[in-house]
1. Could you go through segment 251-261 in sequence order and give the Karplus-derived ³J(HN,Hα) for each residue, using 6.51 cos²θ - 1.76 cosθ + 1.60 with θ = phi - 60°, rounded to whole Hz, and x for Gly and Pro?
2. Can you tell me which of 64-77, 31-44, 187-200 comes out highest on packing, and rank the rest after it, using the mean Cβ neighbours within 10 Å?
3. Give the accessible surface of segment 144-220 per residue, rounded to a whole number of Å², with probe radius 1.4 Å and ligands, DNA and RNA excluded.
4. Taking θ as phi - 60°, what are the ³J(HN,Hα) couplings along segment 18-32 by the Karplus curve (6.51, -1.76, 1.60), each to the nearest whole Hz, with x for Gly and Pro?
5. How would you rank 244-254, 164-174, highest first, on the average number of other Cβ atoms within 10 Å across their residues?
Amino acid sequence: MSRRGLLLFAALCVIWGIPYLLIRVAVRELSPAFLVFSRTAIGAILLLPLAARRGELRVLLPAWRPILLFTAVEIAVPWLLLSRAEERLASSLTGLLVAAVPLVAAAVTAATGSAHRPEGRSWIGLLIGIVGVGALVGLDFGRVGLVPLIEVFVVVLGYTTGPMVLSRSLSDLPSLGVIAASLTVAAVVYAPFAAFEVPRHVRADVALSVAGLGIVCTALAFLIFFALIAEVGPVRATVITYVNPAVAAVLGVTLLSERFTVGMAIGFALVLAGSVLATGRRAPRQAAPIVEPAPG
């Protein structure tokens with residue numbers, strides 16, 4: 001991986017580890033629907049003009065059906081359920097559960113006989129990574145209810161399905177245009193619900209959390225993600241999913257006073273080891289479908 005690739009990788013690991021903290025703060029005052037609307041609207045306002053300037057919107061019209069499906073399974077449904085779940089789940093635990101996306105995707109490709117199945121060293125890296133994120137948050141499900149766990153499970157399924165739709169039906173279309181259009185559609189869909197849930201007063205930390213989600217964790221993050229894909233390829237880019245929970249755990253401990261355990265310390269080492277193994281060089285092969293890291 002080049003120096004530029006490492007910088008992009010590190011930046012995205014941090015940026016997509018932040019949403020869990022910001023969502024946790026925002027849902028203390030905002031409804032999940034209003035939060036999703038705010039985040040998608042900010043992202044759309046920033047990315048839509050850029051996509052239009054590049055001429056990446058008109059070419060999307062013939063593919064409106066898969067774009068709507070992608071929007072539903074990757075953004076509209078997961079972001080709502082993730083916000084609902086974080087009303088009751090710790091940000092670090094949520095990060096752990098969402099980190100199961102690559103393993104679920106690997107299980108799907110293995111079950112369907114895909115030519116893109118993970119191989120020896122990658123499997124070892126993936127397994128070490130998931131053990132690492134498990135140790136990171138201690139797998140303490142103590143007082144967690146079943147409903148938020150089901151909500152996060154649906155989020156994981158959505159984050160697994162979205163990239164499959166992207167690779168099978170939208171791979172020939174400009175990525176920035178697809179994301180900008182999807183954010184716009186999601187914002188329009190949630191606008192009527194958000195209109196009835198506008199808060200009378202918003203604290204400064206909540207407002208900053210919403211701004212951070214829309215500007216940094218959505219608009220800027222997707223621009224960096226596209227650059228990372230171009231630099232290192234889709235397979236290596238997916239490993240940020242294992243580093244994100246480490247970032248989420250650190251932020252949860254330092255800013256939200258969540259519990260720190262020995263498992264978290266061990267988890268950091270396992271996450272890094274799994275990342276190295278999963279991104280190790282191997283013989284060239286046909287390009288694998290993009291398994292987009294969960295942005296949270």
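1. 5, x, 6, 7, 10, 10, 6, 6, 5, 10, 10
2. The peptides rank, most packed first, as 31-44, 64-77, 187-200.
3. 47
4. 6, x, 4, 5, 5, 5, 4, 6, 5, 6, 5, 10, 9, 6, x
5. 244-254, 164-174
The values are calculated or read from the model by the stated rules, or taken from the named source; none is laboratory data. Keep in mind it's a predicted model, so treat the numbers as computed, not measured. Note that each Cβ is placed from the backbone with ideal geometry, even for glycine, and that neighbours are counted across all protein chains shown. Just so you know, the surface numbers come from the protein's heavy atoms only, side chains and all, with ligands and any DNA or RNA stripped out. Shrake-Rupley method; radii C 1.70, N 1.55, O 1.52, S 1.80 Å.
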